[in-house]
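First comes the structure, then the notes that go with it.
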Amino acid sequence: MRRRIAYTKLRQLGQGMSEYIIITALVAVAGIGLFAAFGDVLQNQMAAMSREMAGQSGSQDIANAQSSATTAQNRARQADSLATYNQQTNASGGN
């Protein structure tokens with residue numbers, strides 16, 4: 001009887017770890033997706049903040065971030081199908 005209780009507790013610990021791994025994987029996939037969609041915008045914004053903190057002008061990086069945001073917005077508006085695959089993956093956003 002004691003072995004059975006110990007085995008059940010051990011299984012429950014394994015189940016908790018499995019759930020934790022699944023949640024962590026989902027968060028990682030969501031993060032990768034967000035970075036793929038907004039990576040250029042984030043990179044330009046971070047560059048602008050770094051320049052401003054160093055006492056330099058970050059206006060060019062801010063303009064680049066706005067341009068990247070517009071490109072990302074245009075990509076999000078595109079219809080997703082195999083017919084528009086080349087436009088979806090085009091670096092210029094298909095414009």
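Miscellaneous remarks
- The residue pairs whose first member lies in the stretch 58-69 and is without any contact (Cβ under 8 Å) to a residue 40 or more places away in the chain, whose second member is assigned to a helix (DSSP H, G or I) and among the small types (Gly, Ala, Ser), and whose beta carbons are closer than 6 Å, counting only pairs six or more residues apart or on different chains, are 58/48; 61/47; 61/48; 62/48.
- Residue 63 being modelled with pLDDT of 80 or more, within 23 Å of residue 33 (Cα to Cα) and in a helix (DSSP H, G or I): no
- Any hit, the stretch 6-13, residues being modelled with pLDDT of 85 or more and either under 21 Å from the mean Cα position of the chain (by Cα) or assigned to a helix (DSSP H, G or I) (or both): no
The values are calculated or read from the model by the stated rules, or taken from the named source; none is laboratory data. Values in this document were obtained by computation on a predicted structure and should not be read as measured data. Methodologically, a virtual Cβ is constructed for each residue, glycine included, from the backbone with ideal geometry; neighbour enumeration extends over all protein chains shown.
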